[in-house]
Amino acid sequence: MMPKINAERLLGDLYALRKIGEYKTGVHRPSLSPEDVQSRLWLADKLTAAGLTAEIDGIANVFGRDRSPGRKLLLGSHIETQPHAGWLDGAMGVIFGLEAARTLGGGIDVAAWFDEEGWFGGFPGSRSFCGLVSEAEMDIMRRRGDELALRAALAQAGWSGRPRVQADPSRYLGYLEAHIEQGAELELCGDRIGIVTAIVGSYRFRIVFEGEQNHAGTTRMARRKDAGVALVRLATAISDRFPAIGNERTVWTTGQIALDPGSPSIVPGRAEMVFQFRDTDPAVLARLDQELEALVAEVRHGPCKVSLIRTGTTAPAAMDAGFQDALEAAATAHAPGKFQRMPSGAGHDAQILAGIMPSGMLFVPSIRGISHHYDEDTRDEDLVLGCQVFVDAAATLLAG
Ligand SMILES: [Zn+2]
């Protein structure tokens, strides 16, 4: 018999955390805002009450550590939010970890990673834990919006000068994270549990087109070097050629287009697009990358100069096969025929942790697939079921 979670206690804690920085039906808790600081202190108290040793480290990661001997399972997610966003994104996974620690009574460490939502940078909390954030990077990180320095924000919270906790992989069997799906696949399929196979990697670009700015009435078509036309040619070629290279879950997005000067009677002399693609397969990502280079080379044969600038890359992260199997066994017990294995199209701290220890992720359905919005929600019965599956899987992994 697997230990049973306390559903009332679980939902009570989720509702209590929702109150801190409440905004309409959601939450507004930017990293290291007063509300975020308050929520971290609230969590540390909860971890202490659960019998764990609580600590907030020098980058505002919150840990609850089990003092008993033996290898541990690390459970976590994040508790800051996007602006005026949902109450469950991140928070759910942390409270699932807390509930697992209380239900299992040993073998569980809990972590709330700092700033998964990227107010200061890309995954600074989990990367710091994995030894991937230098003191120099700590010096330069600033909060999007108000440009507050990370060091100053930590000092305001009273947490500057503390050591940053570093991972000891020999302590851990691995890392398990629960999260809302943030998409509509589970709901569309009538499934209640998602078992993540891999987290997508992404390649991100800025593509600049340079032509010749001129009068829209006097410049003959044959003489034009229209940067806007060059941009549209490339965007169209991408839509035509990428489907044959990717698989059914490959996604690509032109998220921003700007024409310069952007005026009705001027032939644009410069144009810029921000472009990205994502997939879980490194080979697919490499093929898309090659194809993009080839398409850019084709547009270069026209009258405009084209520069392809790489602005960032994240590698896809495969989830551990044994962790997936443990989640599947638990899902089979509690939601037979109502689960699926699926990739994560969104980034998560688990992709960072996967670099140093076996990692796994569980998804619960998001109502209408809405996330990063205050309407984000999940049915209470799905929260309770998801937590029970999560705790069963954790128990199985701890039992080895
Ligand atoms: Zn999240």
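Go through the stretch 200-226 residue by residue and tally those that are open to solvent by less than 50 Å² (accessible area, probe 1.4 Å) and not charged (D, E, K, R).
Total meeting the criteria: 11.
Could you tell me how many of the residues in the stretch 29-74 are out of contact with any Pro (no Cβ under 8 Å at 6 or more places or on another chain), part of a loop (DSSP other than H, G, I, E, B) and of a type in the set (Gly, Ala, Ser)?
Counting residues in the stretch 29-74 that are out of contact with any Pro (no Cβ under 8 Å at 6 or more places or on another chain), part of a loop (DSSP other than H, G, I, E, B) and of a type in the set (Gly, Ala, Ser) gives 7.
Just name the residue that is farthest from the ligand (Cβ to nearest atom) out of those in the stretch 167-197 that are open to solvent by 10 Å² or more (accessible area, probe 1.4 Å) and under 19 Å from the mean Cα position of the chain (by Cα).
Ranking the qualifying residues of the stretch 167-197, first place goes to 197.
State whether one or more residues within the stretch 135-151 are buried (at least 24 other Cβ atoms within 10 Å of the Cβ), farther than 30 Å from residue 337 by Cα and in contact (Cβ under 8 Å) with a residue 12 or more places away in the chain. Reasoning before the result, please.
The first filter runs over the stretch 135-151 and keeps only residues buried (at least 24 other Cβ atoms within 10 Å of the Cβ), leaving 150.
Now drop any that are not farther than 30 Å from residue 337 by Cα, which leaves 150.
Next, from what is left, pick out any that are in contact (Cβ under 8 Å) with a residue 12 or more places away in the chain: 150.
Within the stretch 135-151 (the criterion being buried (at least 24 other Cβ atoms within 10 Å of the Cβ), farther than 30 Å from residue 337 by Cα and in contact (Cβ under 8 Å) with a residue 12 or more places away in the chain), the answer is yes, since at least one residue qualifies.
Against the condition more than 16 Å from the ligand (Cβ to nearest atom) and part of a strand (DSSP E or B), how does residue 272 come out, does it pass?
Against the criterion (more than 16 Å from the ligand (Cβ to nearest atom) and part of a strand (DSSP E or B)), residue 272 qualifies.
Just for the stretch 343-356: of the residues that are open to solvent by 10 Å² or more (accessible area, probe 1.4 Å) and in contact with a strand residue (DSSP E or B) (Cβ under 6 Å, 6 or more places away or on another chain), which one is nearest to the ligand (Cβ to nearest atom)?
The extreme case among them is 351.
Tell me the residue from 301, 372 that is within 16 Å of the ligand (Cβ to nearest atom), open to solvent by 70 Å² or more (accessible area, probe 1.4 Å) and not charged (D, E, K, R), please.
372
Restricting to the stretch 111-141, count the residues that are away from the ligand (no atom under 16 Å from the Cβ) and not in a helix (DSSP H, G or I).
Result for the stretch 111-141: 6.
Assuming residue 94 fulfils every condition listed in (1) away from the ligand (no atom under 12 Å from the Cβ); (2) open to solvent by less than 10 Å² (accessible area, probe 1.4 Å); (3) under 15 Å from the mean Cα position of the chain (by Cα) apart from one, which condition is it?
Checking residue 94 against (1) away from the ligand (no atom under 12 Å from the Cβ); (2) open to solvent by less than 10 Å² (accessible area, probe 1.4 Å); (3) under 15 Å from the mean Cα position of the chain (by Cα), the one that fails is (1).
The values are calculated or read from the model by the stated rules, or taken from the named source; none is laboratory data. Being a predicted model, the structure only gives us computed values, none of them experimental. Ideal geometry is used to build each Cβ from the backbone, glycine not excepted, and the neighbour counts take in all protein chains shown. The protein model used for the area step is the full one, side chains on, heavy atoms only, and it has no ligands, DNA or RNA in it. Shrake-Rupley method; radii C 1.70, N 1.55, O 1.52, S 1.80 Å.
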